[in-house]
Amino acid sequence: MPSRTWIAFLTLAVLALACEQQAEETEEMAEPAVDVAAEEQAIRDFADGYEQAYNSGNADAVIALYTGESSEIAADGTAEPHDASVRATMSENPGSTIAIDHERTVVASSGDLAYDMGTYTITVVGPDSQPMPLTMRYLVGLRKVDGAWKLDVTMSSNPIPAPDTTAAPAGP
């Protein structure tokens, strides 16, 4: 009986050492972890660059921020390539500006895919030559291309109605 105990003990010891060695080899082969917080900040910085490019009126600079296969899905469900969408929006609304307000940014553990959602306000010149802000919700998918974040797919809502400021306050 005692010899069976020693055999079992030795077998367990050998298995434990083998598992420990396998774990060490796996740790050595594992790639460094992605700094998700840094990547989320990089995406916010990317969005700042998008705002600057858009607000400069340079459609080519905006289009350069998208992947070559990117597309925009409109609120009505239609999809079109981003380059056509960007050029149309910017030519139809000369002098328009954009401001992005992030609500949530999620980066994949691989560090090469992410999504960002929030609202953006595009301010266009209205028919009375006055600024007309339109706020919409957005969801974008981003992909790293040659180490840089690029927009791959975007979706946005119809404009969110502005709060009615003319209504009388409710009273007792």
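Quick notes
- Given (1) surrounded by 12 or more Cβ atoms within 10 Å (Cβ to Cβ); (2) in contact with a Gly (Cβ under 6 Å, 6 or more places away or on another chain), number of the condition Arg143 does not satisfy: (2)
- Scan the stretch 58-77 for residues that are loosely packed, with under 14 Cβ neighbours inside 10 Å and either under 21 Å from Thr97 (Cα atoms) or modelled with pLDDT of 95 or more (or both) and the total you get is 4.
- Lone qualifier among Thr105, Thr121, Thr97, Thr89 - being surrounded by 12 or more Cβ atoms within 10 Å (Cβ to Cβ) and either on the phi > 0 side of the Ramachandran plot or under 12 Å from the mean Cα position of the chain (by Cα) (or both): Thr105
- Number of the exception - Asp116 against (1) surrounded by 15 or more Cβ atoms within 10 Å (Cβ to Cβ); (2) over 15 Å from the mean Cα position of the chain (by Cα); (3) not basic (Lys, Arg): (2)
- Residue in the stretch 133-150 that is in contact with a Lys or Arg (Cβ under 9 Å, 6 or more places away or on another chain), closer than 25 Å to Glu39 by Cβ and among the small types (Gly, Ala, Ser) present: no
- Trp149 passes every criterion in (1) more than 16 Å from Val62 (Cα to Cα); (2) in contact (Cβ under 8 Å) with a residue 60 or more places away in the chain apart from (1).
- Some residue of the stretch 105-125 being at pLDDT below 95, farther than 30 Å from Asp35 by Cα, out of contact with any Pro (no Cβ under 9 Å at 6 or more places or on another chain) and polar (S, T, N, Q): no
- Looking across Arg44, Arg4, one residue alone is at pLDDT 55 or above and among the basic types (Lys, Arg). It is Arg44.
The values are calculated or read from the model by the stated rules, or taken from the named source; none is laboratory data. Note that the structure is predicted; figures quoted are calculated from it, not measured. Note that we place each Cβ from the backbone using ideal geometry, even for glycine, and neighbour counts take in every protein chain shown.
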